[in-house]
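Undergrad: I am attaching a structure below and will ask some questions about it afterwards.
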Amino acid sequence: MGIAYLNGEYLPLEQARISPLDRGFLFADGIYEVIPAYGSVLFRLDEHFERLERSLSEIQLTNPHTRDEWRELFDTLISKNGGGNISVYLQVTRGAPDKRDHAYPTAPQSPTIFAMTSPIAAPAADAPDTAEGLSVITMEDFRWSRCDIKSIALLPNVMMRQHAVQQGCAEAILIRDGFATEGSATNFFIVKDGVVLTPPKSCFILPGITRDLIVELCRDNGVAIEERNVSEAELNHADEIWLSSSTKEVVPVVKIDGKPVSNGKPGPVWKSVARLYVDYKRNLCGES
Ligand code: PDD
């Protein structure tokens, strides 16, 4: 099960214990991050720090650590778990005051800080010529309107992913007022007539670190990309669809609501962007 970090201590994950009064448990009053490391090197760490700091500040939770302290904590955890290609899950909640009350506690309260690691499965982008691609469904986005906060309150996302899985699909792409927002745990891109499109950042999507990197890679390498809203009709008639996240990187979608995307195979624009992604990763973290 590996070694976890809980409130200053490294310990076997199965021995980690939190109070039932923890506000994360009672109210989902907390935020999280998922940070990948390749060859034990944390990937786009500054960008993850920026989002972590923003999530904490949006819910008025004081950041318990400096960036250097966080970095040391993550590096120690990675090395205690054998290093390699591994992701760090970090969760910070508003701690466990002695009574349940919706309002934030007024007395000073230590947050609960928990981190663990998981191995990263070989991503599709590592082998663009043999990648098979995923099937997705579309469904109504019934989440709240602060999806920009990386909140641990994920019940809608859990329900949506489960709905996809029960239909034999890997992900649900969510539709709000006729426009696609994102996946239950991924951002999305489409390609139409050679142009890559992805929705702009707003309170209806999580500002994905992988999303931002893909936008950057396209811009730096002459791939036409626009950040603009994508209608449900455009999604359904896209030449290519991709999903992105820190653990999946960038993966092609080959079927949507039971219908093939173009010829039902990963598309050429995805293949070139996947190669750009892998090159970028290797430059930053070495061969892994
Ligand atoms: N999920 N949108 C949502 C709703 C997400 O939960 C995620 C990530 C993303 C992609 O963000 P990033 O590129 O920064 O990973 C978009 C993580 C991986 C998770 O919940 O496990």
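The values are calculated or read from the model by the stated rules, or taken from the named source; none is laboratory data. Quantities reported herein were computed from a predicted structural model and do not represent experimental measurements. Because the Cβ atoms are built from the backbone with ideal geometry, glycine has one as well, and the counts that use them run over all protein chains shown.
Undergrad: Would you point out which residue out of Gln15, Gln109, Gln60 is surrounded by fewer than 18 Cβ atoms within 10 Å (Cβ to Cβ), modelled with pLDDT under 95 and polar (S, T, N, Q)?
TA: Gln109
Undergrad: On to the next question. When you go through (1) out of contact with any Gly (no Cβ under 9 Å at 6 or more places or on another chain); (2) among the hydrophobic types (A, V, I, L, M, F, W, C); (3) not in a strand (DSSP E or B) one by one for Val250, which number turns out not to apply?
TA: (3)
Undergrad: Now for a separate question. Out of all the residues in region 197-210, which are more than 6 Å from the ligand (Cβ to nearest atom) and under 16 Å from Ala274 (Cβ atoms)?
TA: Once the filter is applied, which keeps residues that are more than 6 Å from the ligand (Cβ to nearest atom) and under 16 Å from Ala274 (Cβ atoms), region 197-210 yields only Thr198.
Undergrad: Then there is this: Just wondering, is there one or more residues in region 75-83 that are out of contact with any helix residue (DSSP H, G or I) (no Cβ under 9 Å at 6 or more places or on another chain) and more than 16 Å from Pro119 (Cβ to Cβ)?
TA: Looking through region 75-83, at least one residue is out of contact with any helix residue (DSSP H, G or I) (no Cβ under 9 Å at 6 or more places or on another chain) and more than 16 Å from Pro119 (Cβ to Cβ).
Undergrad: Going through region 1-33 one residue at a time, which ones are touching a Gly at 6+ places or on another chain (Cβ under 6 Å) and among the aliphatic types (A, V, I, L, M)?
TA: Leu13
Undergrad: Here's another thing I want to ask about it. Could you give me the residue pairs with C-beta distances under 7 Å whose first residue belongs to region 125-146 and is farther than 21 Å from Asn157 by Cα, whose second residue is aliphatic (A, V, I, L, M) and part of a helix (DSSP H, G or I) wherever it lies, and which are 6+ apart or on separate chains?
TA: Ala125/Ala274; Ala125/Val278; Asp126/Val278; Pro128/Ala274; Ala131/Ala124
Undergrad: Which ones in region 238-260 are more than 16 Å from the ligand (Cβ to nearest atom) and aliphatic (A, V, I, L, M)?
TA: Ala238, Val254, Ile256
Undergrad: In contact with a strand residue (DSSP E or B) (Cβ under 8 Å, 6 or more places away or on another chain), among the polar types (S, T, N, Q) and in contact (Cβ under 8 Å) with a residue 12 or more places away in the chain: does that describe Asn221?
TA: No; evaluated as a whole, the condition is false for this residue.
Undergrad: Just to be sure I understand the filter: pairs with C-beta atoms under 7 Å, separated by 6 or more residues or on different chains, first member in region 152-164 and outside the structural domain of Gly24 (by TED's automatic domain parsing) and at pLDDT 95 or above, second member near the ligand (Cβ under 10 Å from one of its atoms) and of a type in the set (Phe, Trp, Tyr). Which pairs pass?
TA: Pairs that qualify, where the first residue is outside the structural domain of Gly24 (by TED's automatic domain parsing) and at pLDDT 95 or above and the partner is near the ligand (Cβ under 10 Å from one of its atoms) and of a type in the set (Phe, Trp, Tyr), are Ile152/Tyr32.
Undergrad: Since Asn263 meets every condition but one in (1) within 16 Å of the ligand (Cβ to nearest atom); (2) in a loop (DSSP other than H, G, I, E, B), which condition does it not meet?
TA: (1)
Undergrad: Let me ask something else about it. From the list Leu61, Leu42, Leu77, Leu11, which one is within 27 Å of Ala103 (Cα to Cα) and aliphatic (A, V, I, L, M)?
TA: Leu61
Undergrad: Looking only at region 177-196, count every residue that is part of a strand (DSSP E or B) and either within 13 Å of the ligand (Cβ to nearest atom) or surrounded by 20 or more Cβ atoms within 10 Å (Cβ to Cβ) (or both) and tell me the total.
TA: Adding up the residues that qualify gives 10.
Undergrad: I've got another one for you. Wholly within region 95-176, which strands (runs of 3 or more DSSP E) include no fewer than the required count, namely at least 1 residues that are under 18 Å from the mean Cα position of the chain (by Cα) and within 30 Å of Ser19 (Cα to Cα)?
TA: Output list reads 112-119.
Undergrad: Please verify whether Arg44 is among the basic types (Lys, Arg) and surrounded by fewer than 18 Cβ atoms within 10 Å (Cβ to Cβ), treating the condition exactly as stated.
TA: Answer is no for this residue.
Undergrad: Could I ask something else about it? Please tell me if Gly168 is without any contact (Cβ under 8 Å) to a residue 40 or more places away in the chain and more than 11 Å from the ligand (Cβ to nearest atom).
TA: yes
Undergrad: So which of Leu206, Leu217 ends up being in a helix (DSSP H, G or I) and modelled with pLDDT of 95 or more?
TA: Leu217
Undergrad: Exactly one of these conditions fails for Ile31: (1) of a type in the set (Val, Ile, Thr); (2) within 16 Å of the ligand (Cβ to nearest atom); (3) out of contact with any Asp or Glu (no Cβ under 9 Å at 6 or more places or on another chain). Give me its number.
TA: The single condition Ile31 does not satisfy is (3).
Undergrad: For Arg71, work out the one condition from (1) modelled with pLDDT of 95 or more; (2) surrounded by fewer than 16 Cβ atoms within 10 Å (Cβ to Cβ); (3) in the same structural domain as Ile190 (by TED's automatic domain parsing) it doesn't fulfil.
TA: Condition not satisfied by Arg71: (3).
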